[in-house]
Amino acid sequence: MTLKTEVQPGVPRLSVDPQALRRVVANLVSNALKFTPSGGSVNVTVAKSAQGDGARVAVRTRASASRGQARPRVREVHGDP
């Protein structure tokens, strides 16, 4: 299993409770690692929101499926400025 992280450029600073955000992201990543089978991957991405004034944290899993097909699953947390 692989775990990859990416913070894209231009993510604004947010006024959030850092401990609460840490708990939410840690929970999402923990669940992703727990339920992703061997050979799968977990990707954590932090990006600027579509509106440009917030941030988006996405935890994506990709499990190897039969016949070489992959099934992506996405969990996202949205933060407001």
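Observations on the structure shown:
- Filtered by the rule that a residue be part of a strand (DSSP E or B) and surrounded by 13 or more Cβ atoms within 10 Å (Cβ to Cβ), the stretch 4-50 gives SER41, VAL42, ASN43, VAL44, THR45, VAL46, ALA47, LYS48.
- Scanning the stretch 34-52 for residues that are touching a residue at least 40 places away in the same chain (Cβ under 8 Å), under 13 Å from LEU3 (Cβ atoms) and of a type in the set (Val, Ile, Thr) yields VAL42, VAL44, THR45.
- Restricting the first member to the stretch 5-30 and to residues that are more than 17 Å from ASN43 (Cα to Cα) and among the small types (Gly, Ala, Ser), and the second to residues that are in a strand (DSSP E or B) and modelled with pLDDT of 90 or more, the beta-carbon pairs closer than 6 Å and six or more apart or on different chains are GLY10/LYS48.
- Positions within the stretch 1-33 being under 24 Å from ALA63 (Cβ atoms) and among the charged types (D, E, K, R), in sequence order: LYS4, GLU6
The values are calculated or read from the model by the stated rules, or taken from the named source; none is laboratory data. No experiment lies behind these values; they were computed from the predicted model shown. Heads up, the Cβs are rebuilt from the backbone with ideal geometry, glycines too, and the neighbour counts pull from every protein chain shown.
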